[in-house]
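*Asks:* For reference, the structure I am asking about is given below.
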Amino acid sequence: MMSKYWLTLLGLIIAASGYCGQTKRVIIDSLQELAAGKTESVSLSAEGQLSVGPDVKELAEFEASHLWVGAERNRDEFVIGSGEEGMVYLLSNTGEVREFIKFDETDIYALAVDSNKDVYVATSPNGKIFKVRPNGKSEVFFETGEEYVWDMLWSKGALYLATGPEGKIFKVTAKGKGEIYYDADEPHVRCLAFGAKGELLAGTVGKGLVYHIYEKGKAVALFDSGKTEIRDVAVNEKGDIYFVAIGDGKGDAPISKVPKSSKTSVIDIKGVETVSSSEVKTQENSKTTVTSAKKEVTKSIKGGSIFYVMRSDDKAPHVLWKTSLLIHSMSLVKDGLVLNAGDQGYLYHADQNNVMSRWGSLESGQATVMLPMSQGELMVLTSNLAKAYLVDVTGNKEGVYRTNVVDTKLFAQWGAVRAFGEGSWKLRTRSGNTSDPDKSWYDWEALKSDKVVSPSARYLQVELRINSGYVDRLELYYQVSNIAPEVKSVKVLEPNLGYTAIETRAPQLQPKTAQQLVKGSSNLTLNKSDRYYPVEEPGLRTIVWEAEDANQDELTYQLEIKKENERDWQSLKEELDQPMYSWDTSGWPDGVYKARVIASDLPDNPQDYAKQAERESSAWEIDHTKPEITIFNQGADYLEFKVEDETSLLEAVSVSGDGADYEVVIPRDGVLDSKSESFRVSTKDKDMIYIRARDMSGNVAGLRR
């Protein structure tokens, strides 16, 4: 399923000359932008080049939940160990799956095939080794006394076993005849490999050490990874040692086999990390379950993975790839080494020069086993959908790359699509009006003279079919329809209050490292957020409005005023660039008025394409006349008076006996809700009465009696 929004992941939209009304251009040319697309038989290099990659084909599906280990029995057949059913399968190179033998124990983590095609199977969690004849008959060959056998190698008539939780390596030379070849100061020996000269190498769990066992009982630690676990070790013909270290170095014994799904990047090689709907995070809560009939052991893995090479020429470890993803497995191939990491099924390739690239993906995301085949292909076994895949590492005739969906936000007319690089390829597109490509979209259409022929719509997807060479840049041009702006509201604020804009200095460009420039956009985004300072002064009036433009065009405004019942509008202010205007109404006649705001997107559109919209305010008053206070009756201890206003409603009436401390009075009818109200107040113990009245326009009148 494609991502809903291109712009979240896919880089730069550049409007020519900055005008939103002109043609827009989408550019995809960085590693992050290219990695966000979907690939089929396409390789993406660390330099950001798309080229034809290996052909990946699903070969078979298994009933087991996990496939833990496999070995090539002959050119036509593989033997495969599974969990959590303790089943050993035979898989032909044509995809035929047969049940070979089933054990009472739950998991088969290790097996080996000797020169007679006999199969040695390690069962866990009882740590036994069974020898299985070609006819399927089995016998106990050796008992380790350990719970787990994690890896097993056959060489020159001997089996070497990596075990836990006591961290021992056994050497078994015949039925029932074995010895502890090396006892490591670690809980588990996780993986084994032979060096170029036949020396035994081992990776551990605990401190994440790589050992060289040069004779029985003697070893030297080649490297302390600082991680929790050495997941895998491999040695090429030159004697270069590759290994994967995972975890944060704080974990202890039990080993993780298959992690839960982790939402992390699809590619973050060579120190460049890429995020999808969320940011890259350290892999957390990735759990592996190793089960037996009575026991469950769970191991959380944090801290991601590091892929190392220890070259034969300098014997020093070099980091090839540091990633937040969990690396599940790796295997040597003819021209380098292949890894699987993360939960999106991507294969990663390190060539003979140790340059990393991302290959195609598997439907089942977690490849627990990789087995090189005699024919030069790679057999990949997966878990959490137990399947077998054939990977043709020699390349494919055609690779397919599809961009994420381009969301123009509005209805768009498509222009040209161009690819840049060297070689041979074809482009086509499809368009639609839903965020995910589905059957409601238009069909794929080939370009004509580099132009998109897909119908106008909101969304577009581009497909690149590569036959040879590479592509390192894609460009798409489109023109969105200009939509008229909308004035959503116009409001006249209370009288005697104005506002002035606070001038803010634009943020300065921040210095960046070269890596930041490679990883990020060169655009500088300034979030405009106008703020206004209040000014209180008699006669001031302020009008504010809310307007928006679907094209995100810059808007200018014209403000007009007219008195109620008049025909013509009077222009108050033109070419306003802020949705607010304050002015002094002191010289304006009293009366009821209306305001009208006209918004235009002309700043970002040519004259012939610019559009505008308008909206009127509700009626409001300009009133400079003070209320009138009239005393119409008085007695020995009371006073009756009337307050009238010609234009506005009364807002407050109060009285005082000393002219300093006033208290509000209530009109005779109980509600202050008209332009004329009568009042009766007590004058008992008062030598003098001060009366103050204020109308809704803020005009204040006073009287002393």
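The values are calculated or read from the model by the stated rules, or taken from the named source; none is laboratory data. From a predicted model like this one, the values you see are computed outputs, not experimental measurements. Here Cβ is always computed from backbone atoms with ideal geometry, including for glycine, and neighbour counts include all displayed protein chains. Heavy atoms of the whole protein, side chains included, go into the accessibility calculation; ligands, DNA and RNA do not. Shrake-Rupley method; radii C 1.70, N 1.55, O 1.52, S 1.80 Å.
*Asks:* Within the stretch 540-549, count every residue that is within 12 Å of ASP604 (Cβ to Cβ) and either open to solvent by 20 Å² or more (accessible area, probe 1.4 Å) or among the small types (Gly, Ala, Ser) (or both).
*Replies:* Residues that pass the stated criteria total 0.
*Asks:* So, one more: Give just the number: which of (1) more than 16 Å from ALA547 (Cα to Cα); (2) free of Cβ contacts under 8 Å to residues at least 24 places away in the same chain does LYS594 not satisfy?
*Replies:* Against the list (1) more than 16 Å from ALA547 (Cα to Cα); (2) free of Cβ contacts under 8 Å to residues at least 24 places away in the same chain, LYS594 comes up short only on (2).
*Asks:* Are there any pairs with C-beta distances below 8 angstrom linking a residue in the stretch 388-407 that is outside any strand (DSSP E or B) and open to solvent by 10 Å² or more (accessible area, probe 1.4 Å) to a residue that is at pLDDT 90 or above and of a type in the set (Lys, Arg), with the two at least 6 apart or on different chains, and if so which?
*Replies:* GLU398/ARG465
*Asks:* For the stretch 658-686, what are the residues that are surrounded by 16 or more Cβ atoms within 10 Å (Cβ to Cβ), over 24 Å from SER697 (Cβ atoms) and modelled with pLDDT of 90 or more?
*Replies:* VAL681, THR683
*Asks:* Restricting to the stretch 29-64, and then to whatever is in a loop (DSSP other than H, G, I, E, B) and in contact with a Phe, Trp or Tyr (Cβ under 7 Å, 6 or more places away or on another chain), can you tell me which residue is nearest to ASN93 (Cα to Cα)?
*Replies:* Residue satisfying both the conditions and the ranking: PHE62.
*Asks:* Are any residues in the stretch 594-605 open to solvent by less than 10 Å² (accessible area, probe 1.4 Å) and over 37 Å from the mean Cα position of the chain (by Cα), and if so, which ones?
*Replies:* Result: ALA595, VAL597.
*Asks:* How do the pairs read when you match residues in the stretch 429-449 that are touching a residue at least 60 places away in the same chain (Cβ under 8 Å) with residues anywhere that are open to solvent by less than 40 Å² (accessible area, probe 1.4 Å) and among the acidic types (Asp, Glu), using Cβ under 8 Å and keeping only pairs 6 or more apart or on different chains?
*Replies:* Cβ pairs passing all conditions: SER435/ASP407.
*Asks:* Looking only at the stretch 689-705, how many residues end up being more than 21 Å from GLU536 (Cα to Cα) and either in contact (Cβ under 8 Å) with a residue 60 or more places away in the chain or in contact with an Asp or Glu (Cβ under 8 Å, 6 or more places away or on another chain) (or both)?
*Replies:* So the count comes out to 5.
*Asks:* Out of the strands (runs of 3 or more DSSP E) lying entirely within the stretch 65-183, which hold 1 or more residues that are more than 26 Å from ILE213 (Cβ to Cβ) and free of Cβ contacts under 8 Å to residues at least 60 places away in the same chain?
*Replies:* Strands (runs of 3 or more DSSP E) meeting the threshold: 66-74, 77-83, 87-92, 97-102, 128-132, 138-143.
*Asks:* Test SER618 against the criterion of being hydroxyl-bearing (Ser, Thr, Tyr), touching a strand residue (DSSP E or B) at 6+ places or on another chain (Cβ under 9 Å) and open to solvent by 50 Å² or more (accessible area, probe 1.4 Å), and give yes or no.
*Replies:* The answer is yes for SER618.
*Asks:* Something else about it: Of the residues that make up the stretch 315-322, is at least one open to solvent by 20 Å² or more (accessible area, probe 1.4 Å) and in a loop (DSSP other than H, G, I, E, B)?
*Replies:* yes
*Asks:* Looking at the stretch 653-682, which of its residues are closer than 11 Å to LYS642 by Cβ and polar (S, T, N, Q)?
*Replies:* Of everything in the stretch 653-682, those that are closer than 11 Å to LYS642 by Cβ and polar (S, T, N, Q) turn out to be SER676, SER678.
*Asks:* Being without any contact (Cβ under 8 Å) to a residue 60 or more places away in the chain, within 26 Å of GLN32 (Cβ to Cβ) and either of a type in the set (S, T, N, Q) or open to solvent by 30 Å² or more (accessible area, probe 1.4 Å) (or both) narrows it down to one of ASP343, ASP351, so name that one.
*Replies:* Within the list ASP343, ASP351, the selection yields ASP351.
*Asks:* Next question. Looking only at the stretch 408-420, how many residues end up being open to solvent by 30 Å² or more (accessible area, probe 1.4 Å) and at pLDDT 95 or above?
*Replies:* Residues meeting the conditions: 2.
*Asks:* Could you tell me which residue of the stretch 1-29 is farthest from ARG473 (Cα to Cα), considering only residues that are open to solvent by 20 Å² or more (accessible area, probe 1.4 Å) and modelled with pLDDT of 90 or more?
*Replies:* Per the criteria, the residue is ARG25.
*Asks:* Of these, LEU371, LEU390, which one is touching a Gly at 6+ places or on another chain (Cβ under 8 Å) and more than 17 Å from LEU31 (Cβ to Cβ)?
*Replies:* It is LEU371.
*Asks:* If the requirement is being farther than 21 Å from ALA158 by Cβ, open to solvent by 50 Å² or more (accessible area, probe 1.4 Å) and not in a strand (DSSP E or B), which of these qualifies: LYS227, LYS197, LYS207?
*Replies:* The conditions single out LYS207.
*Asks:* Tell me, which residue of the stretch 113-128 that is out of contact with any Asp or Glu (no Cβ under 9 Å at 6 or more places or on another chain) and not hydroxyl-bearing (Ser, Thr, Tyr) is surrounded by the fewest Cβ atoms within 10 Å (Cβ to Cβ)?
*Replies:* The residue in question is ASN116.
*Asks:* Looking at VAL452, VAL490, which one is crowded, with 19+ Cβ neighbours inside 10 Å, over 30 Å from TRP359 (Cβ atoms) and aliphatic (A, V, I, L, M)?
*Replies:* Testing whether each residue is crowded, with 19+ Cβ neighbours inside 10 Å, over 30 Å from TRP359 (Cβ atoms) and aliphatic (A, V, I, L, M) leaves just VAL490.
*Asks:* Turning to a different aspect of this structure: Is it true that LEU460 is buried (at least 18 other Cβ atoms within 10 Å of the Cβ), within 24 Å of the chain's Cα centre (by Cα) and more than 30 Å from ALA547 (Cα to Cα)?
*Replies:* no
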